[in-house]
Amino acid sequence: MSMKKRVLTGIQPSGKLHIGNYFGAIKRMVEYQASSDLFLFVANLHSLTTLQDGERLKKMTLDAAIDILALGIDPEQCHFWIQSDVPEVAELTWILSCLTPMGMMERATTYKDKIAKGISPNLGLFSYPSLMNADILINQADRVPVGKDQKQHLEMARDIATKFNHQYGKVFVIPEPDIMEEIAIVPGTDGQKMSKSYGNTIPIFGTEKEIKKAVMGIVTDSKGVEEPKDPKTCNVFALYKLFASQSDVKVMSERYQKGGMGYGDAKKALLEVIQNHFEPFQAKRVELEANPKKVEEILQMGAEKVRKVSLETLEKVREATGLHY
Ligand code: ADP
Ligand code: TRP
């Protein structure tokens with residue numbers, strides 16, 4: 001038995017991944033894959049709460065899986081699967097929902113936020129955290145890395161696991177939240193947080209032209225070429241720092257402060273480090289896309305591996321709750 005902590009998280013398929021997603025989420029998962037017993041899945045059942053277009057969901061799910069694999073998630077080193085390929089989780093969702101007080105779900109701020117945004121609520125959207133509880137508990141996760149907005153869901157998972165163990169005897173590990181503070185919020189091309197909802201992203205798997213257009217469009221002040229510039233307040237520099245080596249960052253910082261370098265040149269340098277960084281991932285993505293059979297095999301293998309873990313827990317749950325007769 002591995003003594004490594006089991007770290008589990010779900011990623012909703014959400015369209016084109018950007019540099020913010022990479023540094024804020026995917027890169028950390030690649031690190032967890034080396035240091036922990038990583039369970040990572042594409043949360044397509046969760047997407048169904050707001051996306052009811054079959055062709056689109058299918059494409060987005062596969063695209064997300066290919067993106068994640070291309071960025072370095074290795075199915076041999078972790079458990080990687082598509083949520084709906086392990087339907088046992090839906091059974092546990094039901095069972096847990098029968099232990100979940102209405103009031104707990106009603107207090108979910110994610111639900112209130114979504115309604116406030118004008119999404120017309122369905123029952124799935126309302127019980128979204130219950131499915132998330134099942135994702136976590138069925139695989140006996142020790143730690144769950146999530147963004148701040150998901151913190152309350154983690155508290156629910158802990159509450160429900162505790163309640164179940166108390167009611168029926170110990171079946172579940174109580175998961176620890178691992179709130180991924182966005183210590184380094186990646187700025188977008190307009191200086192706000194990079195986010196697809198602001199239209200200020202630099203796509204990782206965009207065409208060369210798209211990436212270039214985004215980088216050249218980064219907002220700067222209007223200082224002329226000869227003027228000294230402040231790297232600390234510059235969006236181009238903030239992004240450059242994420243990619244370049246310490247010594248290159250130092251050199252760039254000096255060039256800013258000395259004057260004589262225009263923002264156009266800084267952007268060119270940024271474009272180059274971005275391209276160098278993502279080139280191998282882009283090549284891997286092209287390779288995977290050209291080989292759908294291989295992707296399918298990877299996903300099937302992932303689902304089979306995780307299914308063993310999920311079923312083992314579910315059997316205990318069926319036994320404890322009286323569903324085995
Ligand atoms: P978006 O804001 O583009 O809709 P999501 O909310 O889908 O992005 O984010 C998915 C993951 O990527 C989350 O874990 C989030 O913390 C991370 N992330 C997104 N944007 C950034 C950013 N600008 N800086 C750091 N992390 C980010
Ligand atoms: N709700 C999470 C999000 O939107 C995704 C998710 C689904 C998840 N199931 C999970 C995260 C289980 C952690 C654990 O980001």
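The values are calculated or read from the model by the stated rules, or taken from the named source; none is laboratory data. Here the structure is a predicted model, which means the values were calculated and not measured. Because the Cβ atoms are built from the backbone with ideal geometry, glycine has one as well, and the counts that use them run over all protein chains shown. Quick note on the areas: whole protein, heavy atoms, side chains included, nothing else; ligands and nucleic acids left out. Shrake-Rupley method; radii C 1.70, N 1.55, O 1.52, S 1.80 Å.
Tabulated values for the structure
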quantity	calculated
Distance (nanometres) between label positions extended 7 Å along Cα→Cβ at residue 226 and residue 296	6.6
For the chain, with +1 on Lys and Arg beta carbons and -1 on Asp and Glu, the positive-most of 204, 79, 136 along the dipole	204
FRET efficiency estimate (nearest 0.05) - Cβ-Cβ, residue 305 to residue 56, R0 25 angstrom	0.35
The chain - accessible surface per residue (Å², probe 1.4 Å)	52
Square roots of five times the Cα gyration tensor eigenvalues for segment 15-98, Å	23, 18, 11
Anchor residue 294: aspartates and glutamates whose Cα lies under 18 Å away (excluding residues fewer than 8 positions away in-chain)	63, 67, 74, 76, 85, 304
Members of 16/151; 16/293; 27/59; 241/268 lying beyond 20 Å, as alpha-carbon distances in this model show	16/151; 16/293; 27/59
Ranked packing of 15-24, 36-45, 144-153, most packed first, by mean Cβ within 10 Å	36-45, 15-24, 144-153
Alpha-carbon radius of gyration plus Dmax, which is the widest Cα pair, for segment 196-286 in Å	13.7, 43
Over the chain, equivalent-ellipsoid semi-axes from the Cα gyration tensor in Å	41, 21, 18
Kyte-Doolittle mean at least -1.0, axial Cα span of 27 Å or more - DSSP H helices of the chain	263-289, 292-321
Fully extended contour minus Cα-Cα distance, from residue 109 to residue 287, at 0.36 nm per residue	60.0 nm
Residue 316 versus residue 119: modelled label distance in nm, points set 7 Å from Cα along the beta carbon direction	3.2
Stretch in the chain that is longest and holds no GluC sites (Glu not before Pro) that DSSP places in a loop and that have at most 14 other beta carbons within 10 Å	77-180
Aspartates and glutamates with Cα under 18 Å of residue 212, excluding same-chain neighbours fewer than 8 positions away	190, 265, 272, 279
Cβ charges +1 (Lys, Arg) and -1 (Asp, Glu), total dipole of the chain, debye	460
Bridge type composition, the chain - antiparallel percent by DSSP, nearest 5	10
Cα gyration tensor shape of segment 100-182, rounded if a/c is under 1.5, else prolate or oblate by comparing a/b with b/c	oblate
Solvent-accessible area, 1.4 Å probe, carbon plus sulfur percent, for the chain	54
